[in-house]
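Below is one structure, written out as structure tokens; the observations come after it.
The values are calculated or read from the model by the stated rules, or taken from the named source; none is laboratory data. Not measured: the values here are computed from a predicted model. When we count neighbours, we look across all protein chains shown, and the Cβ atoms used for this are built from the backbone with ideal geometry, even at glycine.
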Amino acid sequence: MIFYFSGTGNTLWVARQIAKVTGDNLVNIADELRREPQTYTLSEGERLGFCFPTHGWQPPRIVRDFIRRSTFVVQPSSFIWALTTCGDSTGQTMTILNRELDRKGLKAETLFSVVMPESYVCLPFMYTDSEKREAEKIANARQQLTHIVTTVRNCRRGVAELTRGATPRLYSYVIGCYFNKQMVTDKKFTVDEDVCVQCGLCAKVCPVDNIEGMPPAWLHNGRCTCCLACYHHCPVHAINYGSITRKRGQYLMKEKNAE
């Protein structure tokens with residue numbers, strides 16, 4: 001069983017590559033949160049994986065909420081692993097994840113990070129990658145996944161292959177804490193009504209059902225995880241986050257991108 005969260009497709013692509021080989025079932029965290037709290041019972045020898053993007057050098061809010069409201073029944077032979085995608089580095093993301101899992105009596109014993117094309121564009125120094133850099137990152141990820149798939153399939157314990165960055169504690173516990181407490185908000189999202197084609201795609205792809213109406217409006221209910229799925233999926237770039245994204249690019253990971 002692989003629980004995943006993905007806003008722009010990077011993590012979904014990675015999770016799919018692993019599931020194709022291991023045969024593990026892919027479960028969308030966003031869909032599970034739309035249901036009543038669940039109990040997930042693993043069979044003897046079954047693998048349990050968590051795949052998600054790094055948000056501000058921490059696990060996304062939606063992932064932490066899912067773990068907190070769920071119950072996991074594992075077996076002594078269960079193999080628990082986790083993988084995070086990132087544009088550059090992860091900081092202490094996996095340490096924070098394991099603190100959440102520890103509350104449930106769980107621990108991810110094998111950990112990976114995979115650098116993928118950048119999708120966060122809401123800060124002055126953050127841009128989407130060039131096409132050349134995108135291709136390089138995807139090629140490197142594909143090569144890395146060959147090893148990751150083998151490790152997960154064989155249930156190798158104690159592996160930690162993470163790109164933490166130069167100052168991981170600073171990233172996660174100072175910058176990351178500020179980012180996730182103060183900057184994860186839907187209050188800056190706007191739509192250019194004269195550009196919007198009212199396709200409804202932004203509302204459809206929102207993992208927390210935070211967009212309603214035509215033209216679209218954000219609900220300001222505190223559920224936004226700032227995954228930017230709405231921004232990147234918009235076919236006419238009618239959605240922006242303040243004024244900073246007006247001249248920024250869009251990015252979606254599609255299977256053809258990785259062929």
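For this structure, a couple of remarks:
- Boolean, His232 is in a helix (DSSP H, G or I), under 18 Å from Gly7 (Cα atoms), at pLDDT 95 or above and not hydrophobic (A, V, I, L, M, F, W, C): yes
- Meets criteria (without any contact (Cβ under 8 Å) to a residue 24 or more places away in the chain and crowded, with 16+ Cβ neighbours inside 10 Å) for Lys137: yes
- Residues that are in a helix (DSSP H, G or I) and surrounded by 12 or more Cβ atoms within 10 Å (Cβ to Cβ), drawn from region 121-134: Arg133, Glu134
- Here region 4-24 is the region considered, the condition is being more than 18 Å from Cys155 (Cβ to Cβ) and part of a helix (DSSP H, G or I), and the residue that is nearest to the chain's Cα centre (by Cα) is Thr11.
- Residue check for Val191: of a type in the set (Val, Ile, Thr), crowded, with 17+ Cβ neighbours inside 10 Å and touching a Ser or Thr at 6+ places or on another chain (Cβ under 9 Å): no
- Residue in region 51-63 that is under 21 Å from Pro168 (Cα atoms), assigned to a loop (DSSP other than H, G, I, E, B) and of a type in the set (S, T, N, Q) present: yes
- Checking each residue in region 156-184 for being surrounded by 14 or more Cβ atoms within 10 Å (Cβ to Cβ) and either assigned to a loop (DSSP other than H, G, I, E, B) or β-branched (Val, Ile, Thr) (or both) picks out Val159, Leu162, Thr163, Arg164, Gly165, Ile175, Val184.
- Residue tally, condition surrounded by 18 or more Cβ atoms within 10 Å (Cβ to Cβ) and touching a Leu at 6+ places or on another chain (Cβ under 9 Å), over region 194-228: 4
- Among the residues of region 141-187, the ones that are touching a residue at least 24 places away in the same chain (Cβ under 8 Å), among the charged types (D, E, K, R) and farther than 23 Å from Asn10 by Cβ come to 4 in all.
- Candidates Thr163, Thr190, filtered to the one that is in the same structural domain as Leu145 (by TED's automatic domain parsing), modelled with pLDDT of 95 or more and β-branched (Val, Ile, Thr): Thr163
- Among the numbered conditions (1) of a type in the set (Asp, Glu); (2) more than 23 Å from Gly165 (Cβ to Cβ); (3) within 19 Å of the chain's Cα centre (by Cα), the only one that Asp88 does not meet is (2).
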